[in-house]
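S.K.: Next up is a structure, given as structure tokens.
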Amino acid sequence: MSLATQGFAYKQCIRVGKTRHRWIAFIDTDEYIFVKGSTCPSLPAILPSFNSFPALGLNWVFFGSSGHNTRPTAGALNSYSKCLPSKHGVCEHVKSIVNTKYVEGLDWSSHHFTYTNGAKAVNENKVPFDGPWSRPASHNRLVLHHYFSRSREEFEQKTLRGAADGQPSKNMGDFERYNAAATENCTDGLRFWPRCCGGSNLTEDTRWLCSGVARFALQAASGGAGAGGAGSATAGAVKPAMLRL
């Protein structure tokens, strides 16, 4: 998929989503929003505090392969715990949850959008930033888990497919370099899951978060709301949605 194709998909999502959602998160299939906290978090409950800003940028928590050469049988949270330190430059990259009231379109990068009157997105601390980076990376409460490589086997397959935005594909040199730098233990997500996503602890708000994606995607372009209703527009409410490509 080229950046032009991806940009067209983003533009269509923004056009349709403006009337159906207050917020849209533009993230990839190897990225997961995670809200830290001692209690079960609610992303929809947090977003209204950012209503006056054009977008909320989430810094990457960048995971390596955690030593897996082949695809593990357990899920991502159980299988991948080694990540890069927050001070590493790659963690300064952000993906955006855009406010449909202010967003105008995609800029030169899939990590960066343009907003009304040149307004700037903010990070989790409400500090403005410009472009696809927020420096230094902030991982206090709202973060984006980015499973860059997963296993060696899966990364090799990924390089053959090419990048979604048409940029040069990653190579095995990237795999080796980032995995050598993945020296931190990142297990917040693993602790969160049994506490908030299991049995009687699964509330309506955490069900939205634990599902991994509000299934808005591109179905909205053809009038469909997606399965499950998590991303659907409802009377009297404009819910968040996500677009994964």
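The values are calculated or read from the model by the stated rules, or taken from the named source; none is laboratory data. Bear in mind that the values here come from a model prediction, so they are computed numbers and not experimental data. Cβ atoms come from the backbone with ideal geometry, glycine included; neighbour counts cover every protein chain shown.
S.K.: Between residues in segment 25-50 that are closer than 17 Å to ALA76 by Cα and residues that are among the β-branched types (Val, Ile, Thr) and part of a loop (DSSP other than H, G, I, E, B), which pairs lie under 7 Å by C-beta distance while being six or more apart or on different chains?
M.R.: none
S.K.: Here's something else I'd like to know. From the list LYS158, LYS126, exactly one residue is outside any loop (DSSP other than H, G, I, E, B) and under 19 Å from the mean Cα position of the chain (by Cα). Which is it? If you could, list the steps in order and put the result at the bottom.
M.R.: On the way: LYS126 fails: outside any loop (DSSP other than H, G, I, E, B).
Checking each option against the conditions leaves just LYS158.
S.K.: Let me ask another. Pull out all pairs, ordered by first then second residue, where Cβ-Cβ is under 9 Å, the residues are six or more apart or on different chains, the first lies in segment 108-124 and is under 16 Å from GLU92 (Cβ atoms), and the second is among the acidic types (Asp, Glu).
M.R.: Once the first residue is under 16 Å from GLU92 (Cβ atoms) and sits in segment 108-124, its partners that are among the acidic types (Asp, Glu) give SER109/ASP165; SER110/ASP28; SER110/ASP165; HIS112/ASP130; LYS120/ASP130; ALA121/ASP130.
S.K.: Please count how many residues of segment 107-134 are more than 19 Å from ARG22 (Cβ to Cβ), in contact with a His (Cβ under 9 Å, 6 or more places away or on another chain) and not hydroxyl-bearing (Ser, Thr, Tyr).
M.R.: Here the count works out to 5.
S.K.: Looking only at segment 98-120, decide whether some residue is more than 22 Å from GLY7 (Cα to Cα) and surrounded by fewer than 18 Cβ atoms within 10 Å (Cβ to Cβ). Let's see the steps before the verdict.
M.R.: Going residue by residue through segment 98-120, those that are more than 22 Å from GLY7 (Cα to Cα) are none.
Scanning segment 98-120 turns up no residue that is more than 22 Å from GLY7 (Cα to Cα) and surrounded by fewer than 18 Cβ atoms within 10 Å (Cβ to Cβ).
S.K.: Moving on. State whether the residues of segment 37-53 include one that is touching a helix residue (DSSP H, G or I) at 6+ places or on another chain (Cβ under 6 Å), farther than 29 Å from ASN179 by Cβ, surrounded by 18 or more Cβ atoms within 10 Å (Cβ to Cβ) and at pLDDT 95 or above.
M.R.: No.
S.K.: What is the number of the single condition among (1) among the hydroxyl-bearing types (Ser, Thr, Tyr); (2) modelled with pLDDT of 85 or more; (3) not in a helix (DSSP H, G or I) that SER169 does not meet?
M.R.: So the condition that SER169 fails would be (2).
S.K.: Then there is this: With segment 20-90 as the region, which strands (runs of 3 or more DSSP E) entirely inside it contain at least 1 residues that are over 17 Å from VAL143 (Cβ atoms) and within 17 Å of the chain's Cα centre (by Cα)?
M.R.: Working: elements: 23-27, 31-35, 55-63.
Per the criteria, 23-27.
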